[in-house]
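Report on the following structure.
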Amino acid sequence: MTEFPPLKNDLILRAARGEKTERAPVWIMRQAGRYLPEFRKEREKHDFFTICRTPELATLVTLQPINRYDGLFDAAIIFSDILVIPQALGLVVEMIPGKGPHFPSPLELPEDIDKLNKNVDVYKELGYVFEAITMTRKALEGRVPLLGFIGAPWTLMAYMIEGGGSNTLSKAKTWLFKYPEESKKLLQIITDVAVNFLIGQIKAGAQMVQVFESWGGELSPHDFKLFSLPYIKEIANRVKNQLKNDAVPMTIFCKGSWYALESLSEIGYDTISLDWTIDPIYAKSITKGRVTLQGNMDPNVLYGRDENIRSTVKTMLEAFGTNERYIVNLGHGILPTVDPEAVRVFLETVHSVGLELNKKN
């Protein structure tokens, strides 16, 4: 068992467990990435997936926002990508500058499932992520907890069939409606890898993990219950059952799936991350304190004036509360052209307003 430095800031872990906190903890999805000039310098030297696969580089860029905003973030999230699971399954994934992920040979017909590597050894195929997590956890020296993550099965399936991003997901949805049983077979294959991958991340040192169902909102409520919910539920249950006392808090983020809040509160996750289309009061009324809520500021607010950022943060904190069952975040990943100083305004406001509101309570 690897020994790590003692943790100095456990706010986010306490919030995820439902314990009271001195203020609401904060981190940002994609906080290590393209909006930072220091990250862009690394990208000039290295391909995106080279950074993911090189533990020293993944550690370096994971620490970049922690170092830049010293004392303002309450968590680091390992630099990786949700599409490393499709790579482990045998698909080629490229990251095209200015375009995003690209699969030269996506799945086209159900017979293509047979071409996948169905017996994935995550320690062999994805061990570089585990190494990066262990290395980063040590390098953090206990400043903040380290988060791991995966993409959810439906989201990964959609990428694997579409071959990249899509406005309609028509190819992936064709599978759901034309080949429903084969779709479920593929979703189960991805789920099995996802479970083992998350367990490996936690054993490597991840202190909290998040499952990204980024395209959950592209499904109708009925189809979400068929092709998303059973698999994300299975992931939470299997990970926690296998790890038992070594389990860590788990977060689910289903972008656009406002209709699923009730169900998401009951399937084993500690935290539900919300996009910006969900009203905090509505979310609290549905979840009834059963889970911690995370989010949900529109990432585009960071393009606004400083006073607008501050007022939006204040309104958000007043609505969610600041000392119990709440983690501050954006409603999706930070956009690549955001000014890093706008992020500083956001983080400083979360700290100052959170502490101020707690004093009043």
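Between Asn119 and Glu94, with labels modelled 7 Å along Cα→Cβ, what's the label distance in nm to one decimal, could you check?
Computed distance between label sites Asn119 and Glu94 equals 3.2 nm.
Points 7 angstrom from Cα along the Cβ direction at Asp223 and Arg40: gap in nanometres?
3.7 nm
Looking at the chain, send over the antiparallel percent of its DSSP beta bridges, to the nearest 5. Before the final figure, lay out the partial values.
Numbers: 5 of 29 bridges.
Expressed as a percentage, antiparallel bridges in the chain total about 15.
For segment 1-94, which GluC sites (Glu not before Pro) pass both filters: DSSP loop (anything but H, G, I, E, B) and at most 11 other C-beta atoms within 10 Å?
Working: sites: Glu3, Glu19, Glu22, Glu38, Glu42, Glu44, Glu56, Glu94; in loops: Glu3, Glu19, Glu22.
In loop regions of segment 1-94 (DSSP not H, G, I, E or B), the sparsely surrounded GluC sites (Glu not before Pro) are Glu3.
Nothing charged except the Cβ atoms of Lys and Arg (+1) and of Asp and Glu (-1): what's the magnitude of the dipole of segment 236-361 about its Cα centre? Round to the nearest 20 debye.
Values: 14 positive and 15 negative charges, 87 e Å.
With only Lys, Arg, Asp and Glu charged at Cβ, the dipole is about 420 debye.
Counting Lys and Arg as +1 and Asp and Glu as -1, what is the net charge of the other residues whose Cβ lies under 10 Å from the Cβ of Met95?
On the way: positive: Arg43, Lys99; negative: Asp47, Asp81, Glu94.
Taking every other residue near Met95 into account, the sum is -1.
Amide H of Phe149: which non-local residues (sequence gap of 5 or more, or other chain) have their own amide H closer than 5 Å, using H built in the peptide plane?
HN-HN under 5 Å from Phe149: Gln210.
Mind checking which lysines have their Cα closer than 28 Å to the Cα of Lys184? Skip sequence neighbours fewer than 8 apart in that chain.
Qualifying lysines at Cα under 28 Å: Lys115, Lys118, Lys124, Lys171, Lys173, Lys225, Lys233, Lys240, Lys244, Lys255.
Could you work out [θ]222 nm for the chain from helices alone, using -39500 (n - 2.57) per DSSP H run of at least four and dividing by all its residues? Round to the nearest 500 deg cm²/dmol. Spell out each step's value before the answer.
On the way: 16 runs with 172 residues, N = 361.
Computed mean residue ellipticity for the chain: -14500 deg cm²/dmol.
Could you check the spin-label model distance between Ser105 and Glu318? Points 7 Å from the Cα along Cα→Cβ, value in nm.
Calculated label separation equals 5.8 nm.
Do any GluC sites (Glu not before Pro) in segment 95-157 lie in a loop, going by DSSP, with at most 12 other beta-carbon atoms within 10 Å of their beta carbon, and if so which? Provide the component values of the computation, followed by the final result.
Details: sites: Glu108, Glu111, Glu125, Glu131, Glu141; in loops: Glu108, Glu141.
Those satisfying the criteria are Glu108, Glu141.
Would you pull out the residues with amide H under 5 Å of Gly90's amide H, same chain only if 5 or more places away, H placed 1.01 Å from N?
HN-HN under 5 Å from Gly90: Asn117.
So if we plug the beta-carbon distance of Asp112 and Leu7 into 1/(1 + (r/R0)^6) with R0 = 45 Å, what FRET efficiency do we get, rounded to 0.05?
Numbers: r = 45 Å, r/R0 = 0.99.
The computed FRET efficiency comes out at 0.50.
Tell me, what ³J(HN,Hα) does each residue in segment 13-28 have, in order and in whole Hz, if you take phi through Karplus 6.51 cos²θ - 1.76 cosθ + 1.60 with θ = phi - 60° and put x for Gly and Pro?
Those phi angles translate into 5, 5, 4, 5, 7, x, 8, 6, 10, 5, 7, 6, x, 9, 8, 10 Hz.
Residue by residue, what Karplus-based ³J(HN,Hα) values in Hz, rounded to whole numbers, does segment 78-85 have, using 6.51, -1.76 and 1.60 with θ = phi - 60° and x for Gly and Pro?
Once rounded to whole Hz, the list reads 4, 6, 7, 8, 5, 7, 5, 5.
So which trypsin sites (Lys or Arg not before Pro) in segment 66-164 end up in coil per DSSP with only 14 or fewer other C-beta atoms within 10 Å?
Numbers: sites: Arg68, Lys99, Lys115, Lys118, Lys124, Arg137, Lys138, Arg143; in loops: Lys99, Lys118, Arg143.
Listed in order of number, the matching sites are Lys99, Lys118.
Determine the dipole magnitude for the chain: charges of +1 sit on the beta-carbon of Lys and Arg, -1 on that of Asp and Glu, nothing else is charged, the reference point is the Cα centre, and the result goes in debye to the nearest 20. Don't jump to the answer; show the numbers that get you there.
Numbers: 42 positive and 44 negative charges, 118 e Å.
Rounded to the nearest 20 debye, it is 560 debye.
Once phi is turned into ³J(HN,Hα) by the Karplus curve 6.51 cos²θ - 1.76 cosθ + 1.60 with θ = phi - 60°, what whole-Hz value does each residue of segment 87-93 show in order, with x for glycine and proline?
Whole-Hz 3J(HN,Hα) from phi for segment 87-93: 4, 5, 7, x, 8, 7, 10.
Expressed in whole Å with the largest first, what are the equivalent ellipsoid semi-axes of segment 47-195 derived from the C-alpha gyration tensor as the square root of 5 times each eigenvalue?
Numbers: eigenvalues 199, 50, 37 Å².
The three semi-axes for segment 47-195 are 32, 16, 14 Å.
How big is the charge dipole of segment 149-255 about its Cα centre, in debye rounded to the nearest 20, if each Lys and Arg gets +1 on its Cβ and each Asp and Glu gets -1 on its Cβ?
Details: 12 positive and 9 negative charges, 31 e Å.
Roughly 160 debye, rounded to the nearest 20.
Which length gain, in nm to one decimal place, applies between Asp279 and Lys360 when the Cα-Cα distance is subtracted from 0.36 nm times their residue separation?
Stretched fully, the Asp279-Lys360 segment lengthens by 26.8 nm.
Quick note: the coordinates plus some simple rules give every number you see, no bench work behind them. Keep in mind that what you see is a predicted model, and the values were worked out from it rather than measured. For neighbour counting, all protein chains shown are included, and Cβ atoms are generated from backbone atoms with ideal geometry for every residue, glycine included.
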